[in-house]
Amino acid sequence: RTDFTCAAVDLGASSGRVVAGEVAAGKLELTELHRFPNSPSHTQAGLRWDVSRLHREILTGLEAAAAYSPASVGIDSWAVDHGLLDEAGNLLADPYHHRDIRTAGMMERVRELVSDEELYRTTGLQRLPINTLYQLLASQESEQLAAARTMLLLPDLLNYWLTGEIGAEITNASTTQLFDVLGEDWAHDLIRRLGLPTHLFPRPHAPGLRAGALLAEVGTRTGLAAGLPVTSVASHDTASAVVAVPARTERFAYISCGTWSLVGLELDSPVLTERSRAANFTNERGVEGTTRYLRNTMGLWLLQECLRCWREQGMRRELGELLDGAARLPAFRSVLDTDDPAFIASQDMPAAIATACANAGEPVPETPEQTVRCVLESLALAHRITVRDAARLADHEVEVVHMVGGGSRNELLCRLTADACGLPVIAGPAEATALGNVLVQARAHGAAGDRAAARELVAETQPLRRFDPTGAAREWNAVEARVHGHRPRDHDA
Ligand code: ADP
Ligand code: LRH
């Protein structure tokens, strides 16, 4: 295969980056060109993304990419958030952040129109207030929705600004809870029954197709050739991350661990059973028609929010120092159910954790290190339960857990996860999402093989670390019983 070079834009909820990716036989290299922090704006009109800033950061990154003469550009980002365009194609307002609290009560509203069972059969999605469905419903009476002609998920919106072309890439469309879980199109009947305008939803397409050609004005701004192909990658960041999981067996689970921890399996087809619905598992679309069968667990959001609060209070210690301190503390002092929806919103997280501990009868953490230990042990417990439930519900054996994303750099979390799951954890790559983005572009241009070949290339070329369980099964059984008792979820799974 020939050498292939592309530019990949990967936007996470906590940071974005533009990288140059180079692919050839036995070669997969990323060069980071531009990295920028990402955080929402707290405005009078709610929690919003400054998407014009993100667009500018992308252009800055692409300008740096010009020196690599990329053959293609591809964009992925976090899911569910979207912009609304008016008739002339102008963005009506900055997109809401999925953690904006306006979706409170929307699940109940939907339930009056469509039963939980039917919603799951139709869309295959877990019930989470962040889903586009609940966001659109919360905007139902707004002037903006009335004026909107098109809804674009963020990567589709950013592609539109690069190319002038409108479309909806399927891996991300599948996260909206408005997409047909068994088909290739939006769930139009459901959309109608919910009273949402059907004209909002552009025609969907699979990853790997051409999204459009770079507009002349973007070429002038960045130094890239006008007309350069913009490739539709697996534009949901988690879908891109799963592409780059370096699994060498089919019996693997993955944990895409960043702001959220996405924990699950790659399957040939969705699991739509009543037990799966009750256990709140989601069936998102992967590349090559696969299903990403997973559950969103709270992830490093908890830690990010703690750090933000402590810094605002003047604490100077860095993450590495806190993690070292937490690693030296005794195990299992305070462990929580991190999937409590109370943790979703942006807030004084150390206080929220203290309150949750007090309510659960767990000792309240007294130092930042104790809080960090509590968060990481609690996340490892969520990883354990979710890997096990996924394997049971899908009847899919798991012999190894792959941790990818920024959280795979957190050695303590990897170690705890291996012990909690009682399975080896292979950690890395931390930049799986950007790698998956590059690999889908390479495949679209004939420079990489199918997903098995892509995984093998990642396994051969990227530094990985292995963490074997240390035989702490009895302790983790006891912790699970202490935190969850006999929750219905355990019986369901
Ligand atoms: P997202 O895509 O959601 O923005 P990332 O995959 O970039 O998230 O992961 C970000 C998280 O990774 C950070 O919140 C942090 O907890 C963790 N992380 C990043 N680098 C390190 C590191 N060197 N050590 C420990 N954790 C890290
Ligand atoms: C991870 C992610 C996740 C979604 C959430 C909104 O970045 O895309 O898969 O559920 O963000």
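The values are calculated or read from the model by the stated rules, or taken from the named source; none is laboratory data. Everything numeric here is computed off the predicted structure, so don't read it as measured data. Cβ placement follows ideal geometry from the backbone for every residue including glycine, while neighbour counts extend to all protein chains displayed.
The residue pairs whose first member lies in segment 352-364 and is over 19 Å from Glu305 (Cα atoms), whose second member is part of a helix (DSSP H, G or I), and whose beta carbons are closer than 7 Å, counting only pairs six or more residues apart or on different chains, are Pro363/Cys357.
Candidates are the residues of segment 6-15 that are crowded, with 22+ Cβ neighbours inside 10 Å and not in a loop (DSSP other than H, G, I, E, B); the one that is farthest from ligand 1 (Cβ to nearest atom) is Cys6.
Residues are listed down the side, and each one gets a yes or a no for (1) in contact with a helix residue (DSSP H, G or I) (Cβ under 8 Å, 6 or more places away or on another chain); (2) within 30 Å of Pro463 (Cα to Cα); (3) of a type in the set (Lys, Arg):
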{"position": "His205", "(1), (2), (3)": "yes, no, no"}
{"position": "Leu214", "(1), (2), (3)": "yes, no, no"}
{"position": "Arg221", "(1), (2), (3)": "yes, no, yes"}
{"position": "Val230", "(1), (2), (3)": "yes, yes, no"}
{"position": "Asp237", "(1), (2), (3)": "yes, yes, no"}
{"position": "Ile255", "(1), (2), (3)": "yes, yes, no"}
{"position": "Leu265", "(1), (2), (3)": "yes, yes, no"}
{"position": "Thr273", "(1), (2), (3)": "yes, no, no"}
{"position": "Met298", "(1), (2), (3)": "yes, yes, no"}
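Here Ala390, Ala382 are screened, and the one residue that is in a helix (DSSP H, G or I), surrounded by 20 or more Cβ atoms within 10 Å (Cβ to Cβ) and in contact with a Leu (Cβ under 6 Å, 6 or more places away or on another chain) is Ala390. Looking across segment 227-245 at every residue that is away from ligand 1 (no atom under 16 Å from the Cβ) and touching a His at 6+ places or on another chain (Cβ under 9 Å), the one that is farthest from Ala71 (Cα to Cα) is identified as Ser232.
Screening Ala345 against (1) free of Cβ contacts under 8 Å to residues at least 60 places away in the same chain; (2) surrounded by fewer than 16 Cβ atoms within 10 Å (Cβ to Cβ) leaves a single unmet condition, (1). The residues listed here are Phe252, Phe201; of these, the one that is crowded, with 21+ Cβ neighbours inside 10 Å, touching a Phe, Trp or Tyr at 6+ places or on another chain (Cβ under 6 Å) and at pLDDT 95 or above is Phe201. Taken over segment 137-156, the residue count meeting the criterion of being touching a Ser or Thr at 6+ places or on another chain (Cβ under 9 Å) and under 24 Å from Arg292 (Cα atoms) is 5. Note on segment 256-330: enclosed helices (runs of 4 or more DSSP H) holding 1 or more residues that are among the polar types (S, T, N, Q) and either farther than 22 Å from Pro129 by Cα or in contact (Cβ under 8 Å) with a residue 40 or more places away in the chain (or both) are 274-278, 301-312.
For segment 130-160, a tally of residues being surrounded by fewer than 19 Cβ atoms within 10 Å (Cβ to Cβ) and in a helix (DSSP H, G or I) returns 5. When the criteria are applied in full, Gly406 meets the requirement of being modelled with pLDDT of 95 or more, within 16 Å of ligand 2 (Cβ to nearest atom) and surrounded by fewer than 24 Cβ atoms within 10 Å (Cβ to Cβ). Selection of segment 55-66 for residues being surrounded by fewer than 21 Cβ atoms within 10 Å (Cβ to Cβ) and either in contact (Cβ under 8 Å) with a residue 60 or more places away in the chain or in contact with a Lys or Arg (Cβ under 7 Å, 6 or more places away or on another chain) (or both) yields His55, Leu59, Glu63, Ala66. For Gly227, are the conditions met, namely being outside any helix (DSSP H, G or I), in contact (Cβ under 8 Å) with a residue 24 or more places away in the chain and among the small types (Gly, Ala, Ser)? For Gly227, the condition - outside any helix (DSSP H, G or I), in contact (Cβ under 8 Å) with a residue 24 or more places away in the chain and among the small types (Gly, Ala, Ser) - is not met. Within segment 297-320, the set of residues being more than 11 Å from ligand 1 (Cβ to nearest atom) and over 16 Å from Thr417 (Cα atoms) comprises Cys309, Trp310, Arg311, Glu312, Gln313, Gly314, Met315, Arg316, Arg317.
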